[in-house]
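The structure appears below as structure tokens.
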Amino acid sequence: YRCKDGTLCTFHDHSLKRTTGGADPRLLTEVTWDEVRKVNVGGWGKWKGSDYDPTRPARLEEVLALARPGRKIYVEVKAGDASAKWVPDIKAAFARVPSATPDQVVFIAFGAETVAALKREMPEYKAYLLSACTESPRYVENHGPVIPAAEIVRRCQACHADGIDIHYVDDITTVEYFQTILAAGLEVHCWTVDRPLA
């Protein structure tokens, strides 16, 4: 996320609400880095009292400094298409950490405009369009209509994505589904795979 003061930070949620136990509902884009860096993102829910408590958010440059050969850092650019305007700041952050090379860092984003902006401004880096495999915003229950693999291909091609990073759901994201996407010359990544595909 890009904080109110322009700092790029690593934070999953769009607001501080969950990680502050509801005490601070402000959006990440409405707070400064100085406010975000004080939040304990490891001190709530199942992580409270664990080895991750306390854990503080990090600036993007701090994470990029962890780049090493043989590893991949996935940088998810949040906020959908609203984050397309953050790409010049992202590019500047990468320039400050030259060790974060295209071999070690890839982008993922739900916003097609954001993916297109990343490919325009930083074409040497791979960028994948994030997507559910159904039209419903809920990933597990109440799937809604399935997004056909051919439509996934069309969406990726429209924003010049290198591939798709898709939510895995049994009986939807099948081997055949993935083969259609791969046959179009796109890469396939997916998240929350709890068992190997046949």
With a cut-off of at most 15 other beta carbons within 10 Å, and DSSP calling the residue loop, which chymotrypsin sites (Phe, Trp or Tyr not before Pro) in the range 85-167 qualify? Please list them. Tyr139
Label-point separation in nm, Ser99 to Arg154, each point 7 Å along Cα→Cβ: 4.5 nm
For Glu187, distant residues with modelled amide H under 5 Å away: Gly163, Ile164
Rounded to the nearest 5, the percent of DSSP beta bridges in the chain running antiparallel is 25 percent
Between Trp44 and Val175, how many nm apart are label points set 7 Å from Cα along the C-beta direction? 4.2 nm
Which residues among the range 83-113 fall inside the zone where the amide N is under 16 Å from a point 7 Å beyond the Cα of Arg18, along Cα→Cβ? 110
Number of Lys-Lys pairs in the chain under 17 Å by Cα, sequence gap 8 or more or different chains? 16
Shape box of the chain [Cα atoms, principal axes, largest first, Å]: 47, 38, 31
If each DSSP helix of 4+ residues adds -39,500 (n - 2.57) and the sum is divided by the residues in the chain, what number results at 222 nm, nearest 500 deg cm²/dmol? -6500 deg cm²/dmol
Restricting attention to the range 85-164, which trypsin sites (Lys or Arg not before Pro) occupy a DSSP loop and are surrounded by at most 13 other Cβ atoms within 10 Å? Arg96, Arg138
Once Glu61 and Asp34 are pulled to full extension, the length gained, defined as 0.36 nm per residue separation minus their Cα-Cα distance, is 8.2 nm
Dimensions in Å of the range 55-94 - Rg and Dmax from alpha carbons: 11.6, 32
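FYI, it's all coordinate maths here, none of it is from the lab. Predicted model, so just to flag it, every value in this text is computed and none were measured. Counting neighbours? That spans all protein chains shown, and the Cβs are built from the backbone with ideal geometry, glycine included.
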